[in-house]
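Only the coordinates and a few stated rules stand behind these numbers; no lab work does. Just so you know, these numbers come straight off a predicted model, no measurement behind them. Note that each Cβ is placed from the backbone with ideal geometry, even for glycine, and that neighbours are counted across all protein chains shown.
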Amino acid sequence: MLTRNPRLEDLKTVKGDYQKILLSTMKLIADRYEKNPDYHWIDTKLNINTGEDFPQWDPLGNRDIVYPWIQGRGLESLTLHRNWIKKTYSDKTVLGLADRLEDIILEVSESVKKAKKLNRGHLFFFMNDRGEALNMGNDGSWVQEQIKPEDPCNTSDMFVSRGLFAASLIPGSEEDRVLSIKYVINVLNGIKHGDFVTDQQPLAEGNPVSAIDGRLSHSPWMLLIGSMTLLLKHGVQEALESGIYAIRYILENHVNINGKWEKLKEFDFIEYIRTDGDLWYNKKKVLCDPGHALEFVGLALQFCFLAESLEQTDAKLKLEIKEITSFMFPIFHRNFVNGYNRKAKGIIKLFDLITRKPVNSQMPWWSLPETMRAALGCYKIVKDRADRSFCMKAYSLCNNSLLKNYIKEDSPGLLAVQTRDKKGKIVDIIPAVPDADPGFHTGLALIDCLEMIDEQ
């Protein structure tokens, strides 16, 4: 655990905890995959609170229901964990885990490609284990989702396109790489031209995620930043301009800068706007997901640090990056204050920017590692002692809560429990999907934290 106000060098004391989590999670995923050789999907279908597999009668958790979100995120996660292991370790046993992950990545990517072909170029929030898109009828029964090639791209397409690109880096297949880049660009064009929809289905009460006509979310643009970072890091130069564009879009449309909305506080982050660019009201409330705001800061800075380091980034673009990064700490500060529950030690799900009160006080796990990444990113760019101290305090609070309240020593694979309530009690509530996170939020954020700690 860290002190309340750690120094930067103190963060090295938690590196061992992070490494243990990363390896334990990947070992769990590899063990579960190899246990069922006929099931070519990443399997995190277990209740972290009890350690037991979801029962087959569970309509949302059984192995017959596959979530492309998990498969796409999982492919990206397993690939980057595999790369981190190979970069960090020389021990044969640990390197053997990287080889096992590589086998899983190659097999699951084939399953995903088959499902994409089966569904005419798209994926959907629910699938069966054969890869056929499904949706849930009003009576709770499963019905086949009819997908057409001309349908807009969706969030599943976003995650899967990134996952397939990451997977294409493993075998070195130029054809897979080209096709996956084309898939990512299709999603990018869909977002830019307003031909993109969320396919997320509401599985948790109090989390209004279904698409609504006339309401626009920042979400596809933020996810796009991650896609562009991944592509840019691996030589796709076209991602540079699109990543900057996505960050700019969010700053201009979803952040209250220079008093754009008088009713709100400076640097408030708005979850939804109307198609005309004005605030979207939900029963007189203007919603903010503080975790999303903090995640945006971390992802935007990660992209900017990468872009600034490239030889092809000219002086003009570096000035633009400097301007963009100047907004990040104020956004981080405002939204951490908005969202952090100091008594229960977590980040609330939804906050009303009008009444300045929580709307959904549940505290999912994923916002903590995302905030840690953002805190270290902000620390790198701020010079003021008080601002740096704020970054370290926020990092410490999130680190300590993640390790103490969400990740238990007896948790399978040291996976984090998904949700705690406003009093800090662990509750069986699904943040997005019932399957456990395959190292996407927790693992990838911790890998980035380890790299930034080592850079200091």
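What order do you get for Trp261, Trp41 when you list them from fewest to most C-beta neighbours inside 10 Å?
Trp261, Trp41
Could you work out how far the C-alpha centroid of the range 390-406 sits from that of the range 69-125, in angstrom?
Measuring centre to centre over Cα atoms gives 29 Å.
Between Asp99 and Arg215, what is the label-to-label distance in nm when each label sits 7 Å out along the Cα-to-Cβ direction?
5.1
Once amide H atoms are placed 1.01 Å from N in the peptide plane, what residues at a sequence separation of 5 or more from Asn282, or on another chain, have their amide H within under 5 Å of its amide H?
HN-HN under 5 Å from Asn282: Leu287.
Simple spin-label model, 7 Å along Cα-to-Cβ: Glu110 to Asn189 in nm?
3.0
Looking at this model, which pairs from Lys12/Lys92; Lys263/Lys283; Lys12/Lys408; Lys87/Lys117 are more than 27 angstrom apart at the alpha-carbon?
Lys87/Lys117
When the distances between all Cα atoms of the range 26-165 are binned every 10 Å from zero, what whole-number percent does each bin get?
12, 39, 34, 13, 3, 0
Give me a comma-separated list of calculated 3J(HN,Hα) values for the range 450-455, in order, Karplus coefficients 6.51, -1.76, 1.60 applied at θ = phi - 60°, integers in Hz, x for any Gly or Pro.
4, 5, 6, 5, 5, 6
With a point put 7 Å past each Cα toward its Cβ, work out how far Leu8 is from Lys233 in nm, to one decimal.
Reported label-point gap for Leu8 and Lys233 is 2.1 nm.
Too long at a 32 Å Cα-Cα cut-off: which of Lys192/Lys284; Lys285/Lys380; Lys192/Lys265; Lys260/Lys349; Lys285/Lys425?
In this structure, Lys285/Lys380 lie more than 32 Å apart at Cα.
Under a straight-distance cross-link criterion of Cα-Cα below 17 Å, which aspartates and glutamates are reachable from Lys345, leaving out those fewer than 8 residues away in the same chain?
Correct list for Lys345: Asp289, Glu370, Asp421.
Sequence gap at least 6, Cα distance under 8 Å: using those rules, report the relative contact order of the range 8-455 to the nearest whole percent.
So the answer I get is 18 percent.
Mind sorting Arg356, Arg73, Arg385 by how few other Cβ atoms lie within 10 Å of their own Cβ, fewest first?
With the sparsest Cβ surroundings first, the list reads Arg385, Arg356, Arg73.
Could you pull out every residue, at least 5 positions away or on a different chain, whose amide H is within less than 5 Å of the one on Gly346? Hs are placed 1.01 Å off N in the peptide plane, and Pro or chain starts have none.
So Gly346 has HN proximity to Asn341.
Which of Asp352, Asp437 has the fewest other C-beta atoms within 10 Å, and how do the rest follow up to the most?
Asp352, Asp437
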